[in-house]
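Participant: Provided herewith is a single structure, encoded as structure tokens, for subsequent inquiry.
The values are calculated or read from the model by the stated rules, or taken from the named source; none is laboratory data. Note that this is a predicted model, so its numbers are computed, not measured. Cβ placement follows ideal geometry from the backbone for every residue including glycine, while neighbour counts extend to all protein chains displayed.
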Amino acid sequence: MFNPAIDASDFNLRAARRDEFGFGEALTRTNMLGYYRRHGLTWRSDLFLASWNESENYILEWAEIAIGVLRLDVEGDALHVRDIHIISTHRNLGAGSFMLKRAHQFAEIRGLKKLRLRVFVDNPAAALYRRHGYRVVGQERHFGPILRMECEVI
């Protein structure tokens, strides 16, 4: 449940250090494991490492404790939000909205026109993305039923 005592100033987003790969992978794997199982997929640490090395990776902190990961890539005229993950004990406190707003700012600063992301069709985070102006622009099936979503950078 949303806690009105927490606001955006309680969060800090900073570039991930090399030694934080383990935190990023563990959090992403933990959050995605149920979707992978439901959709017959297998987690591949080697693929995650390759994408980590190619992406901009950020750590979200609250009270100086790492609670989330934001991963970004530039794709042409768009900023691709590769991953947004928050530890379960800190969900529904505004952290996801905070990271989406920061991604939007990163896109604006770079002069990019769109933000893109992909989400499993059964992931409740799709509702968060819709609230932030993302709309479904397509669907993929090669890694399970995944929605492609975009929003304009204004």
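Participant: Can you tell me which residues in segment 59-68 are exposed (fewer than 14 other Cβ atoms within 10 Å of the Cβ) and either assigned to a strand (DSSP E or B) or within 17 Å of the chain's Cα centre (by Cα) (or both)? If you could, list the steps in order and put the result at the bottom.
Facilitator: Initial filter on segment 59-68 (exposed (fewer than 14 other Cβ atoms within 10 Å of the Cβ)): 63-65.
Scanning segment 59-68 gives a single hit, 65.
Participant: If you take the residues in segment 99-124 that are crowded, with 17+ Cβ neighbours inside 10 Å and among the aliphatic types (A, V, I, L, M), which one is farthest from residue 62 (Cα to Cα)?
Facilitator: 112
Participant: Whether any residue in segment 12-23 is of a type in the set (S, T, N, Q), out of contact with any His (no Cβ under 8 Å at 6 or more places or on another chain) and either closer than 19 Å to residue 132 by Cβ or in a strand (DSSP E or B) (or both) is what I want to check. Quick ask: steps written out before the conclusion?
Facilitator: Our first condition is that a residue be of a type in the set (S, T, N, Q); within segment 12-23, this holds for 12.
With the extra rule that they be out of contact with any His (no Cβ under 8 Å at 6 or more places or on another chain), the set shrinks to 12.
Next, only the ones that are either closer than 19 Å to residue 132 by Cβ or in a strand (DSSP E or B) (or both) stay: 12.
Looking through segment 12-23, at least one residue is of a type in the set (S, T, N, Q), out of contact with any His (no Cβ under 8 Å at 6 or more places or on another chain) and either closer than 19 Å to residue 132 by Cβ or in a strand (DSSP E or B) (or both).
Participant: Being in contact with a strand residue (DSSP E or B) (Cβ under 8 Å, 6 or more places away or on another chain) and either closer than 18 Å to residue 104 by Cα or modelled with pLDDT under 60 (or both) is the filter here, so list the residues in segment 1-15 that pass it.
Facilitator: Listed by number, the residues that qualify are 6, 11, 12, 13, 14, 15.
Participant: Pick from 102, 71, 91: which is under 14 Å from the mean Cα position of the chain (by Cα) and modelled with pLDDT under 95?
Facilitator: 91
Participant: Could you please find all residues in segment 106-129 being without any contact (Cβ under 8 Å) to a residue 12 or more places away in the chain and within 15 Å of residue 150 (Cα to Cα)? I'd like the intermediate steps shown before the answer.
Facilitator: The initial filter retains those residues of segment 106-129 that are without any contact (Cβ under 8 Å) to a residue 12 or more places away in the chain, namely 109, 111, 124, 127.
Passing the criteria: only 127.
Participant: Out of the residues in segment 16-40 that are in contact with a strand residue (DSSP E or B) (Cβ under 6 Å, 6 or more places away or on another chain) and either exposed (fewer than 12 other Cβ atoms within 10 Å of the Cβ) or of a type in the set (Ser, Thr, Tyr) (or both), state the one that is modelled with the lowest pLDDT.
Facilitator: Here the answer is 35.
To keep it simple, each residue is scored yes or no on (1) in a strand (DSSP E or B); (2) at pLDDT below 95.
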site: 42; (1), (2): no, yes
site: 46; (1), (2): no, no
site: 53; (1), (2): no, no
site: 57; (1), (2): yes, no
site: 79; (1), (2): yes, no
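Participant: Under the condition of being of a type outside the set (D, E, K, R) and in contact with a Ser or Thr (Cβ under 9 Å, 6 or more places away or on another chain), which residue from segment 81-129 is farthest from residue 48 (Cα to Cα)?
Facilitator: If we filter segment 81-129 for residues that are of a type outside the set (D, E, K, R), which is where we start, we get 81, 84-90, 92-100, 103-107, 109, 111-112, 115, 117, 119-121, 123-129.
With in contact with a Ser or Thr (Cβ under 9 Å, 6 or more places away or on another chain) added as a condition, the list becomes 85, 87-88, 128.
On the way: 85: 14, 87: 18, 88: 21, 128: 24 Å.
Checked segment 81-129; the qualifying residue farthest from residue 48 (Cα to Cα) is 128.
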